[in-house]
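A short worksheet on the structure shown next.
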Amino acid sequence: MAILAIFSSILLSACKQEHQPKETPNISQTERKTLNNSEISGKYSVKTLNNNTENLGNLIFDFNSEEKRLAITTDCNNITAEYEIGKNKLQFSNAISTRKFCQGAMDNENTISKVLPKIEKFSFSEKELKLLSNDNKVLISLIKTEKSE
């Protein structure tokens, strides 16, 4: 009987180990892969466009979360597109543009028109939104300047 009592004590003490919660890694803002529709809303200036940081002019990306529409203002024309956002997914469709000719000011517009359909993912940190290709190449990097009106 004494052996049974000792065995039971050992067994119960082994089962009574304190449950330690698993330590979850501190996911910083720099690693966010989710962004809800209202969080993306606002105006952004362009930091990089297809790895280019020079001669970006006055490019403004304005995400309207109510209409799920992106309006891009350039030094010459305007571009609009619809967008769909999900977990680590951001895709644009139905892009249209005004077609004024502005000598020397259309390079950025042409680049945007080429890379916009290639955007499939994003990463978000603090005020920076990176628009990525399917293979995680940064196509456009944006800095949030203000909330959308």
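Could you please find all residues in segment 49-66 being crowded, with 16+ Cβ neighbours inside 10 Å and in a strand (DSSP E or B)?
L49, I60, F61, D62, F63, N64
Just to check your reading of the model, which residue among S9, S38 is in a helix (DSSP H, G or I), under 26 Å from K137 (Cα atoms) and at pLDDT below 90? Write out each step before concluding.
On the way: S9 fails: under 26 Å from K137 (Cα atoms).
Being in a helix (DSSP H, G or I), under 26 Å from K137 (Cα atoms) and at pLDDT below 90 holds for just one of S9, S38, which is S38.
For residues that are of a type in the set (G, A, S) and surrounded by fewer than 17 Cβ atoms within 10 Å (Cβ to Cβ), scanning just segment 67-93, find the one that is nearest to E39 (Cα to Cα).
Start the filter on segment 67-93 by keeping residues that are of a type in the set (G, A, S), which leaves 71, 81, 86, 93.
Pick out the ones that are also surrounded by fewer than 17 Cβ atoms within 10 Å (Cβ to Cβ) and you get 71, 86, 93.
Values: A71: 16, G86: 12, S93: 20 Å.
Here the answer is G86.
For segment 92-130, name all the residues that are touching a strand residue (DSSP E or B) at 6+ places or on another chain (Cβ under 8 Å) and either aromatic (F, W, Y) or over 16 Å from T80 (Cα atoms) (or both).
Quick first cut of segment 92-130, residues touching a strand residue (DSSP E or B) at 6+ places or on another chain (Cβ under 8 Å) only: 92-98, 108-109, 111-113, 115-125, 127-130.
Passing the criteria: F92, E120, K121, F122, S123, F124, S125, K127, E128, L129, K130.
State whether one or more residues within segment 70-77 are among the charged types (D, E, K, R), in contact with a helix residue (DSSP H, G or I) (Cβ under 9 Å, 6 or more places away or on another chain) and modelled with pLDDT under 95.
Kept after step one, since they are among the charged types (D, E, K, R), are these residues of segment 70-77: 75.
Applying the additional criterion that residues be in contact with a helix residue (DSSP H, G or I) (Cβ under 9 Å, 6 or more places away or on another chain) yields 75.
If we keep only those that are modelled with pLDDT under 95 as well, we get 75.
Checking segment 70-77: at least one residue is among the charged types (D, E, K, R), in contact with a helix residue (DSSP H, G or I) (Cβ under 9 Å, 6 or more places away or on another chain) and modelled with pLDDT under 95.
Considering only segment 119-139, I want to know if a residue exists there that is in a strand (DSSP E or B), of a type in the set (V, I, T) and on the phi < 0 side of the Ramachandran plot.
Among the residues of segment 119-139, at least one is in a strand (DSSP E or B), of a type in the set (V, I, T) and on the phi < 0 side of the Ramachandran plot, which makes the answer yes.
Just checking, does segment 44-53 include any residue being under 15 Å from the mean Cα position of the chain (by Cα) and of a type in the set (S, T, N, Q)?
Yes, segment 44-53 contains a residue that is under 15 Å from the mean Cα position of the chain (by Cα) and of a type in the set (S, T, N, Q).
Is at least one residue of segment 21-34 touching a Lys or Arg at 6+ places or on another chain (Cβ under 9 Å), modelled with pLDDT of 90 or more and polar (S, T, N, Q)?
Checked against the condition, which is being touching a Lys or Arg at 6+ places or on another chain (Cβ under 9 Å), modelled with pLDDT of 90 or more and polar (S, T, N, Q), segment 21-34 yields no hits at all.
For residues that are polar (S, T, N, Q), in a strand (DSSP E or B) and more than 19 Å from the chain's Cα centre (by Cα), scanning just segment 67-116, find the one that is farthest from N55 (Cα to Cα). Give the steps one after another, and end with the answer.
Step one: of segment 67-116, the residues polar (S, T, N, Q) are 73-74, 77-78, 80, 88, 91, 93-94, 97-98, 103, 108, 110-111, 113.
If we keep only those that are in a strand (DSSP E or B) as well, we get 73, 78, 80, 91, 93-94, 97.
Narrowing the set further to residues that are more than 19 Å from the chain's Cα centre (by Cα) leaves 73, 78, 94, 97.
Values: T73: 15, N78: 17, N94: 27, S97: 20 Å.
My answer is N94.
Restricting attention to segment 90-145, which residues are hydrophobic (A, V, I, L, M, F, W, C) and touching a Phe, Trp or Tyr at 6+ places or on another chain (Cβ under 7 Å)? Before the answer, list the steps.
Within segment 90-145, the first condition is being hydrophobic (A, V, I, L, M, F, W, C), and the residues that meet it are 90, 92, 95-96, 101-102, 105-106, 112, 115-116, 119, 122, 124, 129, 131-132, 138-140, 142-143.
Passing the criteria: L90, F92, L116, I119, L129, L131, L132, L142, I143.
State all residues of segment 61-91 that are over 17 Å from K114 (Cα atoms) and β-branched (V, I, T); if no residue qualifies, say none.
I85 - this is the single residue of segment 61-91 that is over 17 Å from K114 (Cα atoms) and β-branched (V, I, T).
Which members of segment 94-149 meet the condition of being among the acidic types (D, E) and either more than 14 Å from F63 (Cα to Cα) or surrounded by 15 or more Cβ atoms within 10 Å (Cβ to Cβ) (or both)?
Initial filter on segment 94-149 (among the acidic types (D, E)): 107, 109, 120, 126, 128, 135, 146, 149.
Across segment 94-149, the qualifying residues are D107, E109, E120, E126, E128, D135.
What are the residue pairs meeting all of these: first residue in segment 56-81, first residue free of Cβ contacts under 8 Å to residues at least 60 places away in the same chain, second residue assigned to a loop (DSSP other than H, G, I, E, B) and acidic (D, E), Cβ atoms under 8 Å, and 6 or more apart or on different chains?
Hits for this filter: G57/D75; N58/D75; L59/D75.
The values are calculated or read from the model by the stated rules, or taken from the named source; none is laboratory data. What you are looking at is a predicted structure, and each value in this text was computed from that prediction instead of being measured. FYI the Cβ positions are ideal-geometry reconstructions off the backbone, even for glycines, and counts take in every protein chain you see.
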